[in-house]
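What follows is a short report on a single structure.
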Protein chains: 4
Amino acid sequence: MSNSAAAPRPSHPKEAVRVGIVGASGYGGVQLVRLLSEHPGVQMTYLAGQDSAGKRYGDLYPQLAHAVDLVIQPVDVDQIAASSEVVFLSLPNGLAADLAPPLLAKGCKVLDLSADYRFRNLATYQSWYRMGKTDPHWPSPDYRQANEGSVYGLPELYREAIAQAQLVGCPGCYPTASLLAVAPLLRQGLVELDSLIFDAKSGVSGAGRAAKVGSLFAEVDGSFAAYGVAQHRHTPEIEQACSELAHTPITVQFTPHLVPMVRGIHVTLYATLRDPGLVGEDLLTIYNAFYRQSAWVRVLPRGIYPQTKWVSGTNNCMIGVEVDSRTNRVIVLSVIDNLMKGQAGQAVQCLNIMMGWPETLGLPRLAFYP
Amino acid sequence: MSNSAAAPRPSHPKEAVRVGIVGASGYGGVQLVRLLSEHPGVQMTYLAGQDSAGKRYGDLYPQLAHAVDLVIQPVDVDQIAASSEVVFLSLPNGLAADLAPPLLAKGCKVLDLSADYRFRNLATYQSWYRMGKTDPHWPSPDYRQANEGSVYGLPELYREAIAQAQLVGCPGCYPTASLLAVAPLLRQGLVELDSLIFDAKSGVSGAGRAAKVGSLFAEVDGSFAAYGVAQHRHTPEIEQACSELAHTPITVQFTPHLVPMVRGIHVTLYATLRDPGLVGEDLLTIYNAFYRQSAWVRVLPRGIYPQTKWVSGTNNCMIGVEVDSRTNRVIVLSVIDNLMKGQAGQAVQCLNIMMGWPETLGLPRLAFYP
Amino acid sequence: MSNSAAAPRPSHPKEAVRVGIVGASGYGGVQLVRLLSEHPGVQMTYLAGQDSAGKRYGDLYPQLAHAVDLVIQPVDVDQIAASSEVVFLSLPNGLAADLAPPLLAKGCKVLDLSADYRFRNLATYQSWYRMGKTDPHWPSPDYRQANEGSVYGLPELYREAIAQAQLVGCPGCYPTASLLAVAPLLRQGLVELDSLIFDAKSGVSGAGRAAKVGSLFAEVDGSFAAYGVAQHRHTPEIEQACSELAHTPITVQFTPHLVPMVRGIHVTLYATLRDPGLVGEDLLTIYNAFYRQSAWVRVLPRGIYPQTKWVSGTNNCMIGVEVDSRTNRVIVLSVIDNLMKGQAGQAVQCLNIMMGWPETLGLPRLAFYP
Amino acid sequence: MSNSAAAPRPSHPKEAVRVGIVGASGYGGVQLVRLLSEHPGVQMTYLAGQDSAGKRYGDLYPQLAHAVDLVIQPVDVDQIAASSEVVFLSLPNGLAADLAPPLLAKGCKVLDLSADYRFRNLATYQSWYRMGKTDPHWPSPDYRQANEGSVYGLPELYREAIAQAQLVGCPGCYPTASLLAVAPLLRQGLVELDSLIFDAKSGVSGAGRAAKVGSLFAEVDGSFAAYGVAQHRHTPEIEQACSELAHTPITVQFTPHLVPMVRGIHVTLYATLRDPGLVGEDLLTIYNAFYRQSAWVRVLPRGIYPQTKWVSGTNNCMIGVEVDSRTNRVIVLSVIDNLMKGQAGQAVQCLNIMMGWPETLGLPRLAFYP
């Protein structure tokens, strides 16, 4: 785990790398398609989907018909491996466990966007993601072995390991915004470890493109609510990385809320300072130093608080830091686009690192505004 | 301070009470106009406004022209007192300080929606609302005296005092949602007093009807952000009532955020439990008991979290309670309509109490949905 | 067909009429529940639903649990008739055809919110609503007979017939806004009959509470589009009433669009004037005279154009009229709340008329704003 | 006027062209900044603004501080001309009239985004834009002369003239969407010339970044309304180009509406067909042929209607065509992003043509979705 700059200088792509996307029809998949179809280093060769196999991609998304001229294929490991050097898996939790091992065996690099390869300890995965399931053959030896070789795809914390990885388990959207907010505090040992509260707010696209009553416009518009209080699955993922940063097990409070907007995550982090003498400028200095090498993290000047719109459509994370001397707490505000830095963009950032390309290659940096 | 039920039974209004509204053209004012024009106990006799005096109210709001047939008058104390038994002041902070005393002297009951009469200690008001102002004559003797006789208009905590009051300082929107969330915890001594964190989210109407770039649709839509971190003016108001509930001075963390929606406030309260053995059901029992006499507070069943839309257009506060046994914290979720229970509705609720009417008279209870 | 005022003066309800609602769980149903639970003339005795039978209504809609204490019953004609004097049917098209006749036979008054009883000529219904269906037994004799006795429930055009009706076929949302816009023009013979173009825009709640990808927040927000161009089912309904107004068959252009908002319909009507000498003031005079007896239609002053928000939550229709002397066209702008005057509110207005009550009884008249 | 393909093949830029933007702080300006800062053929050398001169651009827009490192300069013609080969003017109407002539005289190419250089006949400009103004010296000889040499910047109709122009008057947003909808019909003589009705709908960003009550989130959200009925200033602009297409003067009906969304324009065009035998497929064939050379216009397949979201953030115009055989009308649906193809994107498209570059250079083609 390191964010040092000892890695070799990135080089620009010589010829296009062939990439495939499995699960191209959801919101995550369509972001990958958008990004990869304009990425100067790759050629999209294979789009796969279970339900939509056989359809033209432009029939699913008429607005992309002029740009993406591919037919969706079935999820066939041999065909995928034959056509792709790199494979993105954008599937519901549980499916990549079986799909990644044979692709790795055939020499593909794999970037998985589900939760399957995010946990060092599969027992943690099991207790949060497979409650009530009692399959004696789980996990399969192949899955277990692949997972041991996987790297958690948060470049700002695991850049060097990603550069060497064959399999990357890309982080969840909430953990990305939460960990980038908290990392400097834990690395520097500045806060009480039992005081971490992540109050998180997300746009609706995080719920995906499934037809659910709770995601209808008439239900969501004009409303704000919490969900999954004290039991959201992203909690253990945040705790795992926090514990590695602090070199000791950490339990955190994490509360997600739904915001009536399409994109964006905002995390408000509360932590109690160990040293009551620290002021806002001190913290900004520490944050700026921590992220100096990170092209996709922007620490804002004192008194400027990030808006989710400021990162909309980009791979940026923007961070504001404030100290409340009355309560001796630091409050960190962190925003990302949940579908970009929180999902597809971060996966492409990992691809760039795995390929030795500049980390910013092919990724939007100017927010969609207004 | 009491929420007991020792008060005499409310009686229905015999004949209409004449009421005036000063500051009828903003969002708060227009809510008062809507509520009072349909309230069975009152007759609106006087609408006053500085900038809009002389205009018909229906010219300001064509959608109300068929229902409100009044011309906006200048802010003239004699005329107001001559035409009104009760006066609502819905003005920017600082103006009610001068306006309320002469109205009281002429026998009017006054409900002020600004911050002027919310603080027992005017030094607190001064340090948060009049920073940098050095008027040696402030506060005037009349203002000081009126403030000493004023009551904080949160009926669930100060019902009996409101019933006797001539002057009510109606609470801010954030404090209303925050205090209803925290009151049972403090009254019962259940939580660590330095652990209170109120992460609050508000719709945009809270910023009023002023033409500001930051409130434009193209700026707000699709965006979420914090503001006033560690320095919002509603902090001392929350602390004052918390301290009275706990019988000891309390400092709280309060962070407001702007949500891309018109109405609604959602407060997520975090507090550390003193007794780690308490579970969610215990807390629900306590909350239900605390609010048994309160017609406008609804404690939701276990696992149901309130949505701001569930109270939209009503005077309801809905509350969900959850305990996280991993972190030993209680998380309370509280929602109100910022313009109703957070402003105009609560003022009318106070009026009902002052008049001896049923607390629910003339106030909407069914949410505007979808 | 008449909007004269020859009807006897309305009388206030003596005792509560027992009403049932079949199909109480959709957006139309929940509006009926909201309106009828606060209506001074009725008592809700029966809520019926196929899928949700056996559940408490407050489990479907937690925000209404404090106000509606009923269990949803199966759709049983005998039980409905035993408990209800008046029955509202809020079901998908095709179901009321079978349900209304036995309810009428048992003496119930029936208000149907579907398309089943809107058409004088069932062949028109068949060709637009039952394309491809070839049931030789359709329509049943009972359905045909009930339909012959039904009245089209647009009070501003058919007030007297509604007052005598046992069965009312309530209009669609688009036809309501369209017909109120065009009626004075056709009644007075002011426009070319082949020139009528209704460009209509609707909020998303018109699509109902079904879980469809096209109604997801992430799909609808920030987007505007037409649908059903040249083939929407509300076209023949508009044509039927237009033809009756003009005493000759009329074909109209009707184009619906989806607006990223929850509620509201806006119709922009274009028609070519027969007399090029007419000016805007002439038209306003005609519109005001036409709607003088209609408490729920508001003709706006010259130069004021209605916003859908101005009628939100109310039973109002607001109308603006403009003449373009350059093109010799009249442009009429008409707005309603699609769930109120466009659906549940209008059904309650019809109920009031059927019962001899004031037409405004129990219906909101002040818009939800902001 | 021609859309033939006789022009020389475009060549890619050799070295960066220096461009300046006058009026960089509004919504139009910020789009230009975003596009030009990533455009491979240009270097932004000068940002000018009257009110914001002296500020860093990143202070106005913190979300762009990492990408745009320029200080806003005063509007000084000498400095602009010294630093820029091409100048974009993004100012309120009336200012470019004075600014363009001296810039042209100093050898700059100028693209004006206001209405000042859109009209061949300045009397038309005067009667719609300068009502009540009686300046005897207007227009100045310089302005008149510059206007005579200007070209209307709608590439799909005036591509060859733009390629030769020193001064381009870029079209308004509504005229762009309207003219692309109607052009094939008029060029081919397919419709009755007095039958054109453009029912147009726009997102709120079209009103700019000025702080106006009518543009507040709380006013706009959830509401839809018409404005400027029969008198909007874009009417004569549409009529000018229509008349040139038809080689005869044409009067049109144009009605704009405000949609509660940030971006996007949707035009619904109604026209009566001269030949009642034409069917939808015929029209699609004609539209496809007309736009075969136009990279930024996409004619959609039969039965697919464009959504504004499908072009969001791109320079695309998407068009759907339908024929209603019952009414003998053609209905054309046309969508653009009002800030891109409707403003900044189209200006860059014109720049590409003026420079002999590919028309698509540096312009986004994949919609921001979801």
Report task. Output the residue which, of all residues in region D:317-329 that are farther than 29 Å from C:L193 by Cα and more than 8 Å from every other protein chain (Cβ to nearest Cβ), is surrounded by the most Cβ atoms within 10 Å (Cβ to Cβ). Result -> D:C317
Query raised in the report: Only one of (1) crowded, with 18+ Cβ neighbours inside 10 Å; (2) within 30 Å of B:A367 (Cβ to Cβ); (3) in contact (Cβ under 8 Å) with a residue 24 or more places away in the chain fails for C:Y152. Which number is that?
Result: (2)
Report task. Consider only pairs whose beta carbons are under 8 Å apart and that are at least six residues apart or on different chains; among these, list those whose first residue lies in region A:316-327 and is more than 30 Å from A:C350 (Cβ to Cβ) and whose second residue is in a strand (DSSP E or B) and basic (K, R). Result -> A:V323/A:R329
Query raised in the report: Consider C:N288 against the criteria (1) in contact with a strand residue (DSSP E or B) (Cβ under 6 Å, 6 or more places away or on another chain); (2) within 13 Å of chain D (Cβ to nearest Cβ); (3) of a type outside the set (K, R): it satisfies all of them except one. Which criterion is unmet?
Result: (2)
Requested in this report: Starting from region B:82-106, keep only residues that are farther than 22 Å from B:G345 by Cβ, then list their pairs with residues that are part of a loop (DSSP other than H, G, I, E, B) whose Cβ atoms are within a distance under 6 Å, requiring at least 6 positions of separation or different chains.
Outcome: B:A97/B:D116; B:L104/B:Q166
Query raised in the report: Do we have any residue at all in region C:303-315 that's in contact (Cβ under 8 Å) with a residue 60 or more places away in the chain and crowded, with 20+ Cβ neighbours inside 10 Å?
Result: yes
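Conditions tested, residue by residue: (1) free of Cβ contacts under 8 Å to residues at least 12 places away in the same chain; (2) closer than 13 Å to B:Q307 by Cβ; (3) facing chain B (nearest Cβ under 9 Å).
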site: A:G203; (1), (2), (3): no, no, yes
site: A:A218; (1), (2), (3): yes, yes, yes
site: A:A230; (1), (2), (3): no, no, yes
site: A:T235; (1), (2), (3): no, no, yes
site: A:A241; (1), (2), (3): no, no, no
site: A:A246; (1), (2), (3): no, no, no
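Taking region D:354-370, which residues are within 14 Å of chain C (Cβ to nearest Cβ), touching a residue at least 60 places away in the same chain (Cβ under 8 Å) and under 19 Å from the mean Cα position of the chain (by Cα)?
Within region D:354-370, the subset within 14 Å of chain C (Cβ to nearest Cβ) is D:367-370.
Next, only the ones that are touching a residue at least 60 places away in the same chain (Cβ under 8 Å) stay: D:369-370.
Selection gives nothing.
Do we have any residue at all in region B:320-335 that's more than 30 Å from A:T251 (Cα to Cα), in a loop (DSSP other than H, G, I, E, B) and at pLDDT 95 or above? Full working, then the answer.
Filtering region B:320-335 down to residues more than 30 Å from A:T251 (Cα to Cα) leaves none.
So far as region B:320-335 goes, no, none of its residues is more than 30 Å from A:T251 (Cα to Cα), in a loop (DSSP other than H, G, I, E, B) and at pLDDT 95 or above.
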Report task. Keeping to region D:114-138, report how many residues are part of a loop (DSSP other than H, G, I, E, B) and either surrounded by 11 or more Cβ atoms within 10 Å (Cβ to Cβ) or touching a residue at least 12 places away in the same chain (Cβ under 8 Å) (or both). Result -> 10
**Report entry** Filtered residue count, region C:215-257, keeping only those that are crowded, with 20+ Cβ neighbours inside 10 Å and among the hydroxyl-bearing types (S, T, Y)
**Finding:** 4
Query raised in the report: Out of (1) surrounded by fewer than 23 Cβ atoms within 10 Å (Cβ to Cβ); (2) within 14 Å of chain B (Cβ to nearest Cβ), the odd one out for C:Q293 is which?
Result: (2)
Query raised in the report: Do you know which residues across region D:253-272 are more than 29 Å from A:F217 (Cβ to Cβ) and without any contact (Cβ under 8 Å) to a residue 60 or more places away in the chain?
Result: D:Q253
**Report entry** Filtered residues of region C:255-283 (kept if within 14 Å of another protein chain (Cβ to nearest Cβ) and touching a Gly at 6+ places or on another chain (Cβ under 9 Å))
**Finding:** C:T255, C:P256, C:L258, C:V259, C:P260, C:M261, C:V262, C:R263, C:G264, C:I265, C:G280
Report summary line: Within region A:262-291, the residues that are over 19 Å from the mean Cα position of the chain (by Cα) and either within 17 Å of A:A177 (Cα to Cα) or among the basic types (K, R) (or both) are A:Y270, A:A271, A:R274, A:Y287, A:N288, A:F290
Query - Selection count where residues are more than 14 Å from chain A (Cβ to nearest Cβ), loosely packed, with under 15 Cβ neighbours inside 10 Å and part of a loop (DSSP other than H, G, I, E, B), scope region D:56-76 - result: 2
Requested in this report: For residues that are basic (K, R) and modelled with pLDDT under 95, scanning just region A:110-151, find the one that is farthest from A:A241 (Cα to Cα).
Outcome: A:K133
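The values are calculated or read from the model by the stated rules, or taken from the named source; none is laboratory data. None of these values were measured; they are calculated from a predicted model. Positions of Cβ are generated from backbone atoms using ideal geometry, with glycine treated the same way; all protein chains shown enter the neighbour counts.
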